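For reference, the structure is listed below as structure tokens.
Since every read-out is calculated from the coordinates, none of them should be taken as a lab result. Keep in mind the model is a prediction, meaning the values are calculated, not measured. Here the Cβ positions follow ideal geometry from the backbone for every residue, glycine too, while neighbour counts run over all protein chains shown.
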Amino acid sequence: MTINPKRIFSRGISLYYPKLFLKYPNLLRLPDNIMIESSNLCNLNCVLCTHQDMKRKQYNLSFENYKKIVNNLGYKPESIVLQQIGEPFMNKDLLKMTKYTSEQGIKPSVFTNGTLLHLFNTDEILNSKIHKLVIALDGVTKDAVERYRIGANFEQLYKNVINLLERRKKIGGIPDLRIQFLMMKHNEHQLEEIRKLAKKYKVKLVLKSVGSFGHDVDMSEWLPKNKGYSRYNENEENKRIKDICPNIFESGVILNNGNVVLCCVDFDGTYVMGNIFEKSFKEIFRSKEYTKLRQRYFGNDIELCKKCDLNIEGGDYSKIEDYSNEK
Ligand SMILES: C[S@@+](CC[C@H](N)C(=O)[O-])C[C@H]1O[C@@H](n2cnc3c(N)ncnc32)[C@H](O)[C@@H]1O
Ligand code: SF4
Ligand code: SF4
């Protein structure tokens, strides 16, 4: 997300005078970025991901309903990320959705585990108007990838990634293509190999810190030895951030059933503020229901926020190395 001056102003108010937004929700700036869950199905079972805990029905959003959602936002965001928790390439209509998004003057972004790319035509992916595509590649060997990405086939994934990168060199497409390396104890030694790959294909490399997704697990097995890439402080108690979580005033997450929910951490859709098939997102975002939920946050009354690990110092750390202009 580009942080523009209007967003900085709005964030300033939310940090220093949040009560102003609670009293006058119409002053709230609408989110620059919206997430629409194109699918909550997934072909993998990554060790720490909350997908395994999901109790909601799992299915693909239809193209018709996707269009209805986009048409009922009530304003034009800068970008739409086409998933929440789930694998977007599970949905065979994904590329129709990204094209439609772009036709509306909105930038489509997709985050993928990359293991299903071979089921789509490579040229169609590159011509699908996806603006930002982030592909998870946690290493260059079978163990580095498959130990965490349960159900993945490393050989197929690697082939998919190289195939897409090679073809992109010839025909272009996807202006902002990124390889994402989730830094963990068992794969951190492969960082240089991944860097070489990113440099060779002139793409951005996202170094992401591994999180527990709120699970009560011993993270010592997964946290990288290089403390610079860890979001947790193992020796001291992890400190809750003092600032107000920006998602309280800036998040826009819409599930495949149309429900508008608290934020991307709300994987099971527990905190619902309204349904976009009944009211526009703009109305929901500034509604009484949403204000009540925001008030609960300030009263420390949202269970999800209490154990959220995006809400600790260093939470959701990720660093981007840009090799797109390498000679
Ligand atoms: C829930 S996934 C949904 C998209 C897609 N299924 C995927 O895996 O890329 C969203 C992002 O979380 C990342 N992720 C997976 N496990 C993680 C963990 N333990 N800590 C931080 N990020 C994680 C994924 O690589 C992806 O970039
Ligand atoms: S991280 Fe992505 S691929 Fe892995 S289980 Fe979660 S949603 Fe699926
Ligand atoms: S669950 Fe976490 S990210 Fe979501 S609003 Fe609460 S503190 Fe913020």
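Structural remarks
- Spin-label zone in the range 67-111 - amide nitrogen under 15 Å from a point set 7 Å from the Cα of GLN58 along the C-beta vector: 84-91
- Kirkwood hydrodynamic radius of the range 38-99, from inverse mean 1/r over distinct Cα pairs, in Å: 12.7
- Sequence-separation-based contact order of the chain, relative, with Cα cut under 8 Å and 6+ spacing, percent: 20
- Rounded if a/c under 1.5, otherwise prolate or oblate - the range 253-327, Cα gyration tensor axes: oblate
- Maximal additional length on extending the PHE120-LYS306 stretch stands at 62.9 nm, based on 0.36 nm per residue less the C-alpha distance.
- Chymotrypsin sites (Phe, Trp or Tyr not before Pro) restricted to the range 56-161 and DSSP loop, no more than 16 other C-beta within 10 Å: TYR59, TYR75, PHE120
- Rounded to the nearest 20, the size of the Cβ-charge dipole of the range 81-194 about its Cα centre is 320 debye, with Lys and Arg at +1 and Asp and Glu at -1.
- Alpha-carbon Debye profile of the chain, log10 I(q)/I(0) at 0.11, 0.13 Å⁻¹: -0.73, -1.04
- Dipole size of the chain about its Cα centre, with +1 on Lys/Arg Cβ and -1 on Asp/Glu Cβ: approximately 1100 debye, rounded to the nearest 20.
- Prolate/oblate/rounded call for the range 22-165, Cα gyration tensor, a/c under 1.5 rounded: prolate
- Residue separation of LEU20 and SER220 scaled by 0.36 nm, minus their Cα-Cα distance, works out to 67.8 nm of gained length.
- Using the Cβ of THR122 as centre and a radius below 13 Å, the other residues enclosed give a net charge of +2, where K and R count +1 and D and E count -1.
- Summarising the amide proton neighbourhood of LYS107: residues at separation of 5 or more, or on other chains, whose placed amide H is nearer than 5 Å comprise SER79, ILE80.
- Each of GLU278 and LYS170 was given a label point 7 Å from its Cα along the Cα-to-Cβ line. The distance between the two points is 5.2 nm.
- Of the cross-linked pairs LYS57/LYS96; LYS196/LYS307; LYS67/LYS292, those separated by over 27 Å at the C-alpha level are LYS196/LYS307; LYS67/LYS292.
- Residues of type lysines that LYS199 reaches as a straight line, Cα spacing below 21 Å, ignoring anything fewer than 8 places off in the same chain: LYS132, LYS159, LYS169, LYS170, LYS208, LYS319, LYS327
- Shown for the chain: cysteine residues without a partner Cβ closer than 4.7 Å, namely CYS42, CYS245, CYS263, CYS264, CYS305, CYS308.
- Counting DSSP beta bridges with both ends in the chain, the antiparallel % (nearest 5): 35
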